[in-house]
């Protein structure tokens with residue numbers, strides 16, 4: 001078993017080394033189905049949202065703003081700034097409540113039968129959402145509503161209400177704005193002075209000085225008394241605990257020595273040691289003399305005197321503790337009074353500080369608003385003498401035919417973008433969290449095992465005839481890899497005669513039976529007498545693939561019902577023989593413990609150049625454990641992008657415990673993208689076959705079912721092409737006649 005010591009650690013697969021274009025393409029090629037499903041799901045959700053959302057119709061009414069400044073205004077820049085500011089002010093005026101309420105009144109007169117515009121239900125919320133846009137001298141008033149006719153009425157009414165509002169201002173919006181702002185300035189100045197007086201009056205009534213509060217002597221006193229009170233309470237608790245422990249330790253010398261205060265009293269410690277010494281002498285005397293002996297009586301009298309003295313001294317110590325406890329309680333009471341007073345002062349300071357800060361904030365806010373409005377009033381007063389304005393309707397809104405929202409192109413575009421982002425995140429997570437084998441180089445680096453070779457992922461046209469690749473498609477890349485695997489196995493096992501090789505895998509659907517079948521054909525076409533043994537008595541995969549009679553096989557041979565010569569049948573290929581699995585028995589595991597297994601393997605070693613045993617997966621059943629110990633080498637097949645590293649580690653542990661002689665690995669189903677990532681690629685082919693997205697299409701279902709039908713290892717969904725299927729049936733029939 002060629003594994004390094006660090007292979008036993010929980011080593012995860014190598015992480016992706018940077019996201020480059022080729023790695024991204026490989027990841028997309030591996031997970032495009034899942035990502036496409038996410039994109040389609042996002043588009044479906046976007047479509048459902050768009051289909052069930054209430055449509056909104058947008059109607060736009062245009063107002064012409066003729067804001068002009070006379071030529072005597074110095075500088076064109078100043079003229080532009082004045083007219084632009086005026087347009088922005090008019091835009092804000094159009095969204096005010098008086099204008100919107102007047103617009104509802106006008107719309108109600110235009111549509112008296114509309115229940116939504118009735119006096120009891122109509123409100124400015126009908127204009128939610130509303131939108132105003134300035135485009136040069138045009139002000140666009142956009143109104144949205146589920147009813148296109150109502151949206152048209154509201155937009156036109158809004159335009160008329162805005163024009164009426166501007167006319168009511170006397171034809172000069174800047175003059176009206178200037179007068180309005182002057183009144184606002186007077187009111188804000190009054191609010192500011194009132195807030196300042198309130199702050200000064202509060203500081204006078206509460207005697208609160210912010211400068212003294214910044215030095216904060218009250219908080220310092222509060223912190224000091226809090227610390228002192230905590231320390232005094234801790235001392236009080238310790239004294240109470242010592243008094244309680246001393247009271248419970250009276251009469252017990254051992255516990256008395258554990259008390260800190262008792263250990264500091266040398267006289268009490270001496271009494272305790274004398275008591276312990278006399279107790280020891282008394283115990284020794286009682287073992288040598290009777291209880292009424294004079295020596296025993298004398299020692300007991302000494303013990304009584306010592307205990308009495310110990311109790312007296314412990315009483316003095318307890319009295320000392322009580323005195324200290326009384327002093328500590330008085331100190332706690334005194335500090336509590338000081339602490340409560342400091343706490344109350346601190347609360348008063350905090351309350352006054354909070355109120356002072358609130359009043360100061362009001363003063364600051366009132367001053368800021370006053371300064372801002374005063375500045376605007378000055379600008380408006382200057383502009384009122386220079387800028388003239390004229391507002392009139394420019395374009396009435398028309399009833400729309402199509403809704404503005406929802407928009408199918410926008411919804412689908414958003415759904416597509418979100419789906420692509422989620423799909424990319426799905427691909428990234430799949431790549432990051434993937435704990436399966438990717439390539440042979442990764443398997444070597446992670447576990448330090450011997451990898452003899454790889455087998456590429458088969459094209460869909462080859463997957464239906466995967467057990468006879470070297471015969472049906474000898475020039476494909478997979479067939480060449482099988483021959484390379486044959487050579488590597490010969491070099492690794494020293495190519496001695498009678499070699500018995502066990503082919504197994506950690507789990508189901510790893511392709512071990514396909515490897516075993518094609519490897520046997522590869523050895524046979526080299527001129528070696530090769531024997532295939534279908535050791536998978538649960539499914540008999542090779543027996544089904546080579547059209548053998550399953551009534552007699554390995555199970556009857558190991559039970560003594562048949563001889564080795566009778567069951568070793570020609571497989572239809574020169575130098576290739578097969579022993580089928582035979583009938584299924586209730587307890588297959590007992591077959592591998594019988595003496596017939598050793599005799600069968602010895603017979604195979606003597607009659608054949610090479611024997612290949614196909615066995616069940618290592619983690620599924622325990623049959624392969626015994627076979628691994630009895631065979632000369634074990635070929636462990638793992639499936640790229642399917643076999644977990646945890647399963648491989650468990651399989652290695654099983655082979656180590658089974659004392660397998662030699663173990664080698666084969667990476668099956670290697671995709672071209674993983675081969676490129678590993679540093680080499682399958683950029684060439686034989687016979688014109690490329691690479692598809694299908695695997696071998698076989699699986700395991702170990703249990704108590706039938707071997708044919710749904711349990712067959714070759715999936716029915718991966719049938720070969722018509723010509724290949726016919727040729728395969730002809731060869732299978734000829735093999736069946738020979739094997740029969």
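Odds and ends about this structure:
- Spin-label pair residue 247-residue 413: with each label point 7 Å from Cα along the Cα-Cβ axis, the two points sit 8.6 nm from one another.
- Residue 301/residue 231 FRET efficiency (R0 51 Å; Cβ-Cβ; nearest 0.05): 0.60
- The order of the peptides 613-622, 279-288 by mean Cβ neighbours within 10 Å, most packed first, is 613-622, 279-288.
- Which of 95, 143 has the fewest Cβ neighbours within 10 Å, and the rest in rising order: 95, 143
- Our summary gives region 215-382 a relative contact order of 35 percent, counting only alpha carbon pairs under 8 angstrom and 6 or more residues apart.
- Taking other C-beta atoms within 10 angstrom as a stand-in for reagent exposure, 289, 564, 127 fall in the order 289, 564, 127, fewest first.
- Report note on the peptides 437-447, 647-657: ranked by the mean count of other C-beta atoms within 10 Å, highest first, their order is 437-447, 647-657.
- Fewest-first sequence of 427, 323 by Cβ atoms within 10 Å of each Cβ: 323, 427
- Protection proxy ranking of 355-362, 628-635 - average other beta-carbon atoms within 10 Å, highest first: 628-635, 355-362
Only the coordinates and a few stated rules stand behind these numbers; no lab work does. These numbers come from a predicted model, not from an experiment. Every residue, glycine as well, gets a Cβ built from its backbone with ideal geometry; the counts of neighbours run over all protein chains shown.
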